[in-house]
Amino acid sequence: MEPNTSRKVALIAHCLLNQNAKVCEGARYPGVVSPVVEALRSRGYEILQLPCPELAFAGTRRWWAVYEQYDTPGYRTHCRRLAQAIAPRIEQHLRAGAEVVLIGLDGSPSTGVRFTSSKRDWGGRPNRPQDDWDLVEGRGVWIEELEAELARRGLPAVPATGWALDMGRYDETGSSRDLAEFLDRRERAMRIPGDGSSTPQGGAR
Amino acid sequence: MTGDVRGWRVALVPESLINPPPAAGGRRFDALGLLEASGYGVLQLPPAGDHRLLLAVIADQIAEYAHHGYAVVAVGVGDEPGQGLHWRRLAPLLRRRGVALPLRHIVRWDGDLEVQAQRLAAFLAGYDLPLEEQRRWRG
């Protein structure tokens, strides 16, 4: 798939356009996370919003959870259905040679890219800020299933990063800097085909 | 909800308003900016075509909002098939989920973009659930 550098598409976590999808007490903006939109638009990216797996599975009134709580056969089946719903749109862009990137939500058990929340034995009543789960390198369940669906279709890995909304203390300035650096690395990689910086910027998992 | 600043309002928005083509003079109609300024979250609808499964997934999400105290509206585009909202397919999906069809506002590309923006902003600002419903769900 030869890059068609005239078109750039950012797959973005659902809640970056719609904070109403967040868990109870988790919305940091009324609706749109504008710094993300501004960073993408100023670099010429089109936006493709991903479905929110948790909203459609556990509803609007759910509490927060860790990776292990969502790592169930039922939730993975649900995520695969969502991945099959959105994958044709992604495939269309990739096969047309567009530059496609993925912006997930770091710290999320579902949409984490560089980091997800984890604690094997954590559960029960949420009690922020005393909750003591860990933030570990790796994808969330939804991103794992989405990437698996794209791989099943024979598509290349999509360079990815995460907006650090679910990493504990929220740092909008730091998140903006991280995203800008990621997008600027992509710009350089597009200008210099074969540049090492074109490798996916994802987590270890 | 402690520290939670969600806006409790969601808009269904066509692909062409999320990623608008440049208008004459290079200007773009900034629907996302207007939605952000009005405190709406966005559910992006796909462009024209067969998106059966994706629309079912979107209908599930709309139903979840509509049943739990969120105001849901739709912003269409006048000169697109189905106003860019996939209404013929989405409407029965919503009915089957017990959801009343969202109130619609239509943007027209052939109008003055400034006026269109003012009308959309007024529509967005003026809509919400009745106070009784807001109190029931939003605390």
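No value in this document is a laboratory result; all are computed from the given coordinates. From a predicted model like this one, the values you see are computed outputs, not experimental measurements. Note that each Cβ is placed from the backbone with ideal geometry, even for glycine, and that neighbours are counted across all protein chains shown.
Charge dipole (Cα centre; +1 on Lys/Arg Cβ, -1 on Asp/Glu Cβ; no other charges) of the protein assembly as shown amounts to roughly 740 debye. Per-residue shielding of B:40-49, expressed as the average number of other chain Cβ atoms within 10 Å of the residue Cβ, stands at 6. Starting from the coordinates of the alpha-carbon atoms of the protein assembly as shown, obtain the Kirkwood hydrodynamic radius over all distinct pairs and give the value in Å to one decimal. After inverting the mean inverse Cα-Cα distance, the result is 20.5 Å.
Treating each Cα of the range A:49-88 as one equal point scatterer and applying the Debye formula with no solvent, the log10 of I(q)/I(0) at q = 0.15, 0.18 Å⁻¹ comes out as -0.36, -0.52.
Legend: mean number of C-beta atoms from other chains within 10 angstrom of residue C-beta atoms, peptide B:5-15, equals 5.
Counts of other chain beta carbons within 10 angstrom of each beta carbon in peptide A:52-59 average 3. If you look at the Cα atoms of the range A:133-188, you get an Rg and a Dmax of 13.7, 38 Å.
Farthest toward the positive end of the dipole of chain A, out of A:S108, A:A13, A:G97, is the Cα of A:G97, where the dipole comes from beta carbon charges about the Cα centre. Couplings 3J(HN,Hα) for the range A:76-90, derived from phi with the Karplus relation 6.51 cos²θ - 1.76 cosθ + 1.60 (θ = phi - 60°), are 5, 4, 4, 5, 5, 4, 5, 5, 5, 6, 9, 4, x, 5, 5 Hz, where x marks Gly and Pro.
Given Cα pairs under 8 Å that are at least 6 residues apart, what percent is the relative contact order of chain A? Taking the mean separation of contacting Cα pairs over the length of chain A, I get 22 percent.
Applying the Karplus relation 6.51 cos²θ - 1.76 cosθ + 1.60 with θ = phi - 60° to the range B:58-66 yields 3J(HN,Hα) values of 5, 4, 4, 6, 4, 4, 4, 5, 4 Hz, where x marks Gly and Pro. Note on the protein assembly as shown: dipole from Cβ charges, positive end direction compared against B:G76, B:H86, A:A157; the farthest Cα belongs to B:H86. Subtracting the Cα-Cα distance of A:R62 and A:S6 from 0.36 nm times their residue separation leaves 16.1 nm of extension gain. For chain B, the longest principal axis of the C-alpha atoms and the axis of helix B:87-96 are separated by about 0°. Applied to the range B:27-43, the Karplus parametrisation 6.51 cos²θ - 1.76 cosθ + 1.60 on θ = phi - 60° returns per-residue 3J(HN,Hα) values of 7, 10, 7, 8, 5, 4, x, 5, 5, 5, 5, 8, x, 8, x, 10, 10 Hz, with x for Gly and Pro.
A Förster radius of 41 Å combined with the Cβ-Cβ distance from A:R95 to B:A122 puts the calculated FRET efficiency at roughly 0.50.
In chain A, the DSSP beta bridges split such that about 20 percent are antiparallel, to the nearest 5. The calculated FRET efficiency for A:E187 paired with B:E132, based on their beta-carbon distance and R0 = 41 Å, is about 0.20. In this structure, the amide hydrogen of A:D106, modeled 1.01 Å from its nitrogen in the peptide plane, lies closer than 5 angstrom to those of A:V113, A:W163, A:A164, A:L165, A:D166, counting only residues at least 5 positions away or on a different chain. Taking the longest Cα principal axis of chain A as reference, the axis of helix A:172-191 is set at about 30 degrees. When restricted to Cα atoms, the range A:47-142 yields an Rg and a Dmax of 14.8, 48 Å, respectively. According to the square roots a ≥ b ≥ c of the eigenvalues of the Cα gyration tensor, what is the shape class of the range A:91-201, taking rounded for a/c under 1.5, prolate for a/b larger than b/c otherwise, and oblate for the remainder? Oblate shape, in that a/c is at least 1.5 and b/c is the bigger or equal ratio. Convert 25 °C to kelvin, take the viscosity as 0.890 mPa s, use the Kirkwood radius over C-alpha pairs of chain A as Rh, and evaluate the Stokes-Einstein diffusion coefficient in µm²/s, rounded to a whole number. It diffuses with D of about 143 µm²/s by this estimate. Note on the range B:29-139: Rg/Rh from Cα positions, Kirkwood definition for Rh, rounded to two decimals, is 0.97.
Loop-located chymotrypsin sites (Phe, Trp or Tyr not before Pro) in the range B:80-139 (DSSP state other than H, G, I, E, B) with a sparse environment of at most 16 neighbouring Cβ atoms within 10 Å: B:W109.
Output the relative contact order of chain B, whole-number percent, from Cα pairs under 8 angstrom with separation of 6+ residues. Computed value for chain B: 28 percent relative contact order.
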